[in-house]
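J.: Dropping the structure in here first, questions after.
The values are calculated or read from the model by the stated rules, or taken from the named source; none is laboratory data. The structure presented is a predicted model; accordingly, all values stated were derived computationally and were not measured. All Cβ positions, even for glycine, are placed from backbone atoms using ideal geometry, and neighbour counts span all protein chains on display. Ligands, DNA and RNA are excluded from the accessible area calculation, which covers all protein heavy atoms including side chains. Shrake-Rupley method; radii C 1.70, N 1.55, O 1.52, S 1.80 Å.
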Amino acid sequence: MRDPEDAPEAVEPLGGDIVRCDACPVLCRIRRGQSGACDRYANEDGRLARVDPLLVLQRGAPAVRFFDSGKAWDGSLVSGANTFVTGVGATTTYPDYKPAPFIVASQADGIDMVTVVTEGIFSYCGLKVKVDTDRFLGPELAAVRVGGEPVGHVTTAEYGSQMLSLGGVRHLTGGTKKEGAATCDAMLRLANREAVEVQIDGGAAVVLQAGSAPIVNGEREHRMRVGCGSATIGIFARQWLGHADEVIVVDDHITGVLTEHQAGRFLDMRPSGIRVRGRKSTPGRYFKVAEPGLGWGGTEIIDPLQIVERIDPAAAWPGMRLLMVSTTGEDSAWFVLDEALRPVPAPMPAPVRAVVERIAENCEAALCTVLFMGGAGGSLRAGVTENPVRLTRSVRERVTNVTCGGAPTYVWPGGGITVMVDVTRMPERSFGYVPTPALVLPIEFTMPLAAYAAMGGHIDRVVPLAEAIARARVRSASWPEANPWPVRAR
Ligand code: SF4
């Protein structure tokens, strides 16, 4: 990733062999045959050109095809109604003192529609990364680093997943230049579905990659937990009945103790007299039985008997059968109490083993999920309309559909146009960067033509699909069927 001040073209006067790129505030002056600081624009024979072709997605078109700029779109491959112009490779007009590069007419159910297509530049943006693991990645609020630079932090855990908040304007532009560059580079690679290794202060080294299993301290995670320890008790209590006298499900959140738990009481199970460490929440549910870690159930425990605080001789009995298991079924142990009421390891009976295996079967595959989140409520709107607040209102009223590379987005309620998108639903390598630093995101606004006119849109720039495509070097790929078709009147 280059520093804009180091761009060799930046201080040279414009000459016959030099073109100036005005797609971002860096304003690179690019020599013939070279590219600008972001590698997205190049000087091709004295002409400024976007390096990547414009991506159009077509329903019912299996192959990837290329078309040269200037040649007429033959329209014969699939109909215009099945072609969507994405923002990938569309070019940028930041800070949007010009209309968006492509404003394309189409039809849906007999209604005239329009899609405004651009590549937005986002300083206010970040990634929310969901890491499906109970292992301890680091304390909440701990810094997440790449190459020693802080690029985000650990945020509130979710059910079965640890959460990271990466990027954001403070890391991009509010810290040192090195921090901004490291943040932009890490976000770009993650958003483009590459693997990035992060180190968490006071925690683990984790390899993150959208759509792949996380790797924690060199070990690939396989399963996310079936539920917390209490939930696991609730789900499997009936299946243990008659095969075990006590089951303890070890979990960093809530450790469950079957005979004390409501599920065991419901089944009239005899209290075992085993008391685990930690803080009792409600009967059979215990918080903080151990410190968090990389052992059983996201705790630091390697020997499960460490969490047994005492065994009440008035309640327990010799021969009592005890199962200890983690919330993924990856760790399990079977004990039988001896005459002195000490748990002694023993071979696990087949019916008990079957339930442990069923816990594992009910665990979903552990994945990293990367959602991009950014604010499109700024000057980008001027590329769409002369009256930007009307675009914001139209998005909020769901008249205008916002997509990123054709992928559906979630728009946050309240002010602005704060969008979230799953990067795995977008075309590969959709994201770019500029060295200000900021990320470049393809974004499309689709609405009825009448609504576009009413919001003060750049109606004089609306062109038919064939004309838009004739203006660019175009790559065509098939529409991902898992995504809803974005051109529809609402
Ligand atoms: S950094 Fe890229 S977009 Fe910005 S002026 Fe240079 S070539 Fe153009």
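J.: Give, rounded to the nearest 20 debye, the magnitude of the charge dipole that the chain has about its Cα centre when Lys and Arg contribute +1 at Cβ and Asp and Glu contribute -1 at Cβ.
T.: Rounded to the nearest 20 debye, it is 940 debye.
J.: Taking chymotrypsin sites (Phe, Trp or Tyr not before Pro) as candidate sites, keep only those in a DSSP loop with at most 14 other Cβ atoms within 10 Å, then name the longest stretch of the chain containing none of them.
T.: 160-490
J.: About the Cα centre of segment 343-464, how large is the charge dipole given +1 on each Lys and Arg Cβ and -1 on each Asp and Glu Cβ? Please answer in debye to the nearest 20.
T.: Using only the charged Cβ atoms, the result is roughly 240 debye.
J.: Need the list of lysines near Lys288 for cross-linking: C-alpha distance under 17 angstrom, and skip anything on the same chain fewer than eight residues off.
T.: Lys280
J.: Separate question: Compute the orientation-averaged projected area for the chain from the convex hull of its Cα atoms and round it to one decimal in nm².
T.: The orientation-averaged projected area of the Cα hull of the chain comes to 27.4 nm².
J.: With N set to the residue count of segment 213-291, report its C-alpha Rg divided by 2.2 N^0.38 Å to two decimal places.
T.: Expressed relative to 2.2 N^0.38 Å, the Cα Rg reads 1.20.
J.: In addition: Round to a whole angstrom and tell me the spacing of the C-alpha centers of segment 355-401 and segment 112-180.
T.: What the calculation gives is 14 Å, centre to centre.
J.: Per residue of segment 277-294, what does 6.51 cos²θ - 1.76 cosθ + 1.60 with θ = phi - 60° give for ³J(HN,Hα)? Whole Hz please, x for Gly and Pro, Karplus curve as stated.
T.: 3J(HN,Hα) across segment 277-294, in whole Hz: 5, x, 9, 6, 8, 9, x, x, 10, 10, 8, 6, 6, 7, 6, x, x, 10.
J.: Here's a follow-up. Identify the GluC sites (Glu not before Pro) of segment 332-417 meeting these criteria: DSSP loop state and at most 16 other C-beta atoms within 10 Å of the C-beta.
T.: Answer by residue number: Glu339, Glu364, Glu386, Glu397.
J.: With a 1.4 Å probe and every protein chain kept in, tell me what percent of the accessible surface of the chain is carbon plus sulfur.
T.: 51
J.: Something else about it: What whole-number value in cubic angstrom gives the convex hull volume per residue for the C-alpha atoms of segment 322-471?
T.: Spread over its residues, the Cα hull of segment 322-471 gives 232 Å³ apiece.
J.: Using only protein heavy atoms and a 1.4 Å probe, report how much of Ile103 is accessible, in Å² to the nearest 10.
T.: In the full protein context, Ile103 sits at about 0 Å².
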